[in-house]
Structures are given as C-alpha cells and as structure tokens.
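Notes follow the structure.
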Amino acid sequence: MGIPLSKSEIVVSRLDNRDAIKRALQKKQLRRLAPRLYTTAVGADPAAIVKRNVWPIAAQLLPGSLIVDRTALENRPASDGSVFLVADRSYDLVLPGITFRPRFGLGPIEGVDKPFMGGLWMSSQSRALLENMRPTRARNHVRSTLSRAELEEWMERLLRRGGGVEKLNALRDEVKHIAKPLCMEEQAHELSQLISTLLGTHKAPLITEGAKARSLGIGYDPERLELFETLRIAVGQTPFARIPARKNAEYLPFFEAYFSNHIEGTEFEIDEAYDIVFEGAIPEERPDDAHDILGTFRVVADQAEMARVAKSSEEFLKLLKYRHSIIMDGRKDVRPGEFKIKSNRWGETIFVEPELVEGTLARGFEYLQTLEDPMARAVFVMFLIAEVHPFADGNGRMARIMMNSELVRAGEERIIIPTVFRTEYLQSLKALTHNDRASALIHVLSFAQRYVSEIEFSEYEIALRTLRESMAFGNPADSMGKGDHLILPSRQGKRNRSPI
C-alpha cells in the first residue's frame with residue numbers, strides 16, 4: 001500500500017500517517033531528513049530537497065508563521081540558509097541546508113502583510129524595511145536584519161527601477177501607519193531620514209559609495225558598471241587586427257547613415273535615401289524620417305567632427321548631447337540634445353534610470369580611458385551608450401556614431417551594420433547584457449569592420465553593387481535562424497557567412 005500523503009516529495013508525519021511512514025521507511029520508499037520530516041526522493045541530496053521545498057516545509061512545521069526581517073526583503077533564505085519568522089515558538093529548527101529561526105512578535109497586520117503559500121504570511125515591504133532598521137548581532141549565524149550598508153544597497157536597487165522614487169516614498173508613508181502598533185516610532189524616524197538623504201533632501205551619514213553618489217545627484221548603476229568591467233577586460237585582452245581606413249571612401253558615410261537608421265526602423269529604399277541626402281528630396285509624407293537620415297549623415301560625413309573624442313567625462317557628456325542634437329533635430333518631441341527624463345526599455349532590458357544616466361556615463365568613460373587600442377575603445381563605447389540608453393530616442397545611432405568616432409580618430413576602418421546583419425548585432429548585445437558574454441559582440445563588430453574594409457566606396461554604383469551581392473540588404477534571420485546572411489565580398493564564391 002502506498003503512502004497516503006501528498007504528491008510532494010516532502011512528507012511530514014502526523015497522527016494519521018505514522019504507520020504508513022513506518023512501512024515506507026522499511027521498504028526504503030522514504031528517507032528521514034529531520035524529526036517529523038521525510039522525503040520520497042531517497043537518492044537525492046537532502047539539502048537540495050529542503051532548499052527547493054523551503055516554504056511548503058515552513059508551512060507544515062511552522063503553520064501560520066509570518067516571514068520577517070531580512071528574509072522578507074531578500075525573498076529567499078540567507079547565505080547560511082537562515083530563514084527568519086515570527087511564530088509561536090522561539091527556538092531554531094535545524095534542517096539540512098536550512099535553519100528556521102522563529103521569534104516571538106506581533107503577527108500579521110491586517111491590510112498590511114500579505115498571505116503567502118500554504119497559510120504562511122509575508123511581511124509587507126514597509127514592515128520589513130522598518131524591522132530591518134533594528135540593530136541585531138551576528139552570533140553563530142547571519143544577522144537577522146540587514147546591516148545599514150545592506151539596507152542602503154537594497155533601497156538603492158529599488159530606486160534604480162522604473163518608478164523607484166515614487167515607490168520608496170510610498171513605502172515611507174506606509175511605515176508611518178504601522179510604526180505605532182510595532183512600537184517602532186524611533187526606527188520609523190531614522191528610516192525617513194535615510195530615505196530623504198538618499199533622495200538628496202536631507203543630509204545624514206551614508207556608508208555605501210552608490211548611496212553617497214546618489215545623495216549628491218551623481219548616482220550610477222553599479223550593475224551596469226560590472227558589465228562594463230566585464231567588457232573592458234575582454235576587449236583589453238583581444239588582439240584586434242589593425243585595418244587602415246580606405247582612402248577616397250566618399251560614399252561610406254552615406255551607407256553608414258542609411259543602415260544605422262534602417263535597423264532602427266527608419267526604413268527607406270536605398271534610392272529614396274540617396275535622393276534625400278544628395279538631391280534634397282524630402283518626402284512630403286515622411287519628413288521626420290527623412291531628417292533622421294539627414295541628421296545622421298551630417299555627423300558621420302563630417303570627418304573633423306568624427307575625429308573628435310572627449311578627454312574628460314564632462315566633455316564626453318557634452319559631445320554626446322551635441323551630436324544627438326544634430327541627428328535628432330527633426331524630432332523636437334524627443335528633446336534633441338537632452339538626456340531622457342523617463343525610463344525606457346527594449347524587450348526584457350530595462351535601461352539605466354534617468355537620474356543615474358550622467359553618473360553611469362561618467363563612470364563608464366573612466367573605464368574607456370584605460371583602453372588604448374582603437375577597436376577596443378570602439379566596441380566599449382558603443383556598448384556603453386547602448387546599455388545606458390541616455391536619450392529618449394536615437395540611442396542606437398548615437399552608440400554607432402561614438403563607436404566609429406574612435407576608429408576615424410585612429411585612421412582605422414569604420415563599422416556599418418547592414419540590414420541583414422541586424423539579428424547578429426542585437427543578439428550579441430543581449431548576450432552581454434543578460435549573460436555577461438562579451439565574445440559575441442567582439443566577433444560581430446570585428447566581422448563588420450572587415451566586411452566594410454573589402455568594399456570600394458569611392459564610387460556609388462560600385463559600392464551599391466557589392467553591398468547587394470553580399471546580401472547587405474537581405475532579410476535578417478528570424479528567431480528560428482531562417483533568413484539571409486552577410487557574405488564577405490572576398491569570399492562570395494564560397495558563401496562565407498557572418499559569425500553568428
């Protein structure tokens with residue numbers, strides 16, 4: 001006869017199942033994990049079983065408990081496996097990989113705390129913030145509450161999300177209503193002062209660098225800085241080939257402007273774009289789109305402008321704004337030459353929050369200055385702009401302009417991203433943003449530079465024919481990998497494909 005219990009791999013003994021548990025233990029269908037706790041996964045690691053079932057176990061062994069303190073803010077067991085709760089007992093319950101550390105205290109507050117799985121309760125963020133203001137000691141386990149530095153980091157992370165300022169202010173208002181029943185009015189006052197300091201409206205000592213920077217109005221995104229450091233190391237260790245720029249490449253800036261706009265959705269037939277740039281033919285039905293191409297062309301066709309690079313973070317920010325004001329001059333609604341005032345995102349990627357743009361760009365520029373190789377600098381600055389996304393629109397175009405500026409200054413070949421190469425390019429950006437993998441971006445941009453170096457841009461028709469024959473205007477690969485592929489002109493007979 002089987003075990004008359006739940007289908008879960010966790011079994012908790014009760015009066016009605018003790019005999020069934022004894023029989024299952026004799027048949028080795030169950031394995032004991034701790035007093036009253038068993039598992040049907042007899043061959044699995046006990047700690048792994050407990051960790052993946054931590055909340056169902058808590059619900060059965062500590063029914064009706066309230067998850068509190070650092071566990072409520074971190075939403076997971078602490079680094080040493082500690083889980084902190086308010087329950088009707090105050091002694092630890094030690095299991096493989098997890099230790100429940102209950103304490104006495106006020107239970108769930110109606111209308112504040114939230115029901116959690118299996119009859120447990122989860123402290124609201126406002127209550128958890130307030131209770132984490134209590135100083136606690138680390139004994140033979142982690143502190144039950146976050147340290148002041150950890151608390152600053154938690155609130156700083158919240159502020160980096162969309163609507164973070166409003167959310168933190170709302171939490172402060174909620175704290176005022178629950179401080180009295182919790183007898184924590186003093187902690188509520190301290191928390192309010194800490195929040196005001198982070199927002200720059202009050203002065204009080206801070207511990208972490210990120211919090212100090214934010215309070216001074218020069219906050220930055222530390223998670224992005226980790227990405228930038230990953231890329232800085234990768235490009236610094238890559239032996240890039242030196243590819244001198246071709247002379248008399250008169251039409252390269254035109255194709256650069258055309259493709260840079262096309263992959264952003266400003267799509268014209270190549271002949272239409274030619275007439276816009278060289279004949280001044282602005283389509284009546286699409287004047288804004290035409291000005292996008294013209295604005296981009298004005299920057300990339302100016303050799304002296306493209307050879308300018310910043311020597312300081314202040315110059316870097318000014319250069320970005322100046323070039324953006326030119327390329328987006330036809331779209332006054334996106335505030336040309338001004339950094340964004342609203343959050344922006346692309347798919348799963350949420351870009352740097354507006355109040356952290358200048359600080360993150362300035363820190364990124366410091367990383368850029370440690371690089372000497374022109375191609376390393378080009379790859380880095382392109383990703384820096386793309387990842388911060390400092391403007392309401394035109395960020396991709398700005399990223400590629402800043403990339404090619406580094407190459408023009410060094411007398412090296414530019415990079416263009418043809419229409420057919422869009423998927424590879426975007427996937428390589430995602431690989432770094434979401435998976436910390438820089439190699440794809442380096443390979444894609446290196447291939448694109450080599451591709452450009454094999455095209456004769458001194459005559460329009462010759463360049464256009466080569467671009468067409470190498471599938472530059474082809475259909476980008478879809479999510480299944482179906483589509484055209486970019487071919488190096490020197491390898492057209494062998495159908496050499498792009499690297500991703």
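On full extension of the chain, what length is gained from residue 137 through residue 469, given 0.36 nm per residue of separation minus the C-alpha to C-alpha distance?
Answer, rounded to one decimal: 112.5 nm.
Quick check: residue separation of residue 25 and residue 226 times 0.36 nm, minus the Cα distance between them. What number comes out in nm? Working shown, then result.
Details: separation 201, 0.36 × 201 = 72.36 nm, distance 4.99 nm.
That works out to 67.4 nm of additional length.
Output the 0 to 90 degree angle, nearest 10, between the alpha-carbon long axis of helix 222-236 and the longest principal axis computed from the alpha carbons of the chain.
The two axes meet at around 50 degrees.
Sort 238-249, 173-184 by the packing proxy (mean of other Cβ within 10 Å over each peptide's residues), most packed first.
Numbers: 238-249: 13.1, 173-184: 15.4.
Per-residue Cβ counts within 10 Å, averaged per peptide and sorted highest first, yield 173-184, 238-249.
Describe numerically, in nm with one decimal, the distance between label points set 7 Å from Cα along Cα→Cβ at residue 348 and at residue 238.
2.2 nm
Using only the Cα atoms, what convex hull volume per residue in Å³ does the stretch 10-106 have? Provide the component values of the computation, followed by the final result.
On the way: hull volume 8.6 nm³, N = 97.
Hull volume over Cα atoms, normalised by residue count, gives 89 Å³.
Restricting attention to the stretch 1-94, which chymotrypsin sites (Phe, Trp or Tyr not before Pro) occupy a DSSP loop and are surrounded by at most 12 other Cβ atoms within 10 Å?
Those that pass, being in a loop and sparsely packed, are 91.
For residue 88 and residue 173 in the same chain, what is the full-extension length gain: residue separation times 0.36 nm, less their Cα-Cα distance, in nm?
This chain segment gains 27.6 nm when fully extended.
Of all GluC sites (Glu not before Pro) in the stretch 104-161, which ones are in loop regions per DSSP and have a Cβ with at most 12 other Cβ atoms within 10 Å? The partial results should precede the final answer.
On the way: sites: 110, 131, 150, 152, 153, 156; in loops: 110.
Passing both the DSSP loop test and the Cβ count: 110.
Which GluC sites (Glu not before Pro) in the stretch 312-355 pass both tests, a DSSP loop state and at most 12 other beta-carbon atoms within 10 Å?
Hits after loop and neighbour filter: 348.
Can you compute the FRET efficiency between residue 193 and residue 110 using 1/(1 + (r/R0)^6), with r the Cβ-Cβ distance and R0 = 35 Å? Round to the nearest 0.05.
On the way: r = 28 Å, r/R0 = 0.81.
Rounded to the nearest 0.05, the efficiency is 0.75.
Would you mind classifying the chain by shape? Square roots of the alpha carbon gyration tensor eigenvalues, ordered a ≥ b ≥ c; an a/c under 1.5 is rounded, otherwise it is prolate if a/b is larger than b/c and oblate if not.
Since a/c reaches 1.5 and a/b is larger than b/c, the shape of the chain is classed as prolate.
With axes computed from alpha carbons, what is the tilt in degrees of helix 422-435 against the longest principal axis of the chain, rounded to the nearest 10 within 0 to 90?
Result, in degrees: 30.
Could you work out the relative contact order of the chain, using alpha carbon pairs under 8 angstrom and six or more residues apart, expressed as a whole percent?
On the way: 775 pairs, mean separation 50.5, N = 500.
Taking the mean separation of contacting Cα pairs over the length of the chain, I get 10 percent.
When the scattering of the stretch 306-384 is computed by the Debye formula from its Cα atoms alone, each counted once and equally, what is log10 I(q)/I(0) at q = 0.20 Å⁻¹?
Summing over Cα pairs of the stretch 306-384 leads to -1.06.
Considering only the chain, what is the antiparallel percent among its DSSP beta bridges, to the nearest 5?
70 percent
Based solely on C-alpha atoms, express the radius of gyration and the Dmax of the stretch 222-494 in angstrom.
17.6, 52
Return one number: the angle in degrees, 0 to 90 and rounded to the nearest 10, between the long axis of the Cα atoms of helix 252-262 and the longest principal axis of the Cα atoms of the chain.
With rounding to tens, the tilt is 40 degrees.
Given the -39500 (n - 2.57) contribution per DSSP H run of 4+ residues, what per-residue ellipticity at 222 nm results for the chain, rounded to the nearest 500 deg cm²/dmol?
Only helices count here, giving -14500 deg cm²/dmol.
Cα-Cα over 22 Å: which of 114/176; 167/212; 51/430; 114/180; 180/212?
Long pairs (Cα-Cα over 22 Å): 51/430; 180/212.
No lab work stands behind these numbers, since they all come straight from the coordinates. Just so we're clear, the structure is a prediction, and the values are computed from it rather than from any experiment. No Cβ is skipped: glycine too gets one built from the backbone with ideal geometry, and neighbour counts run over all protein chains shown.
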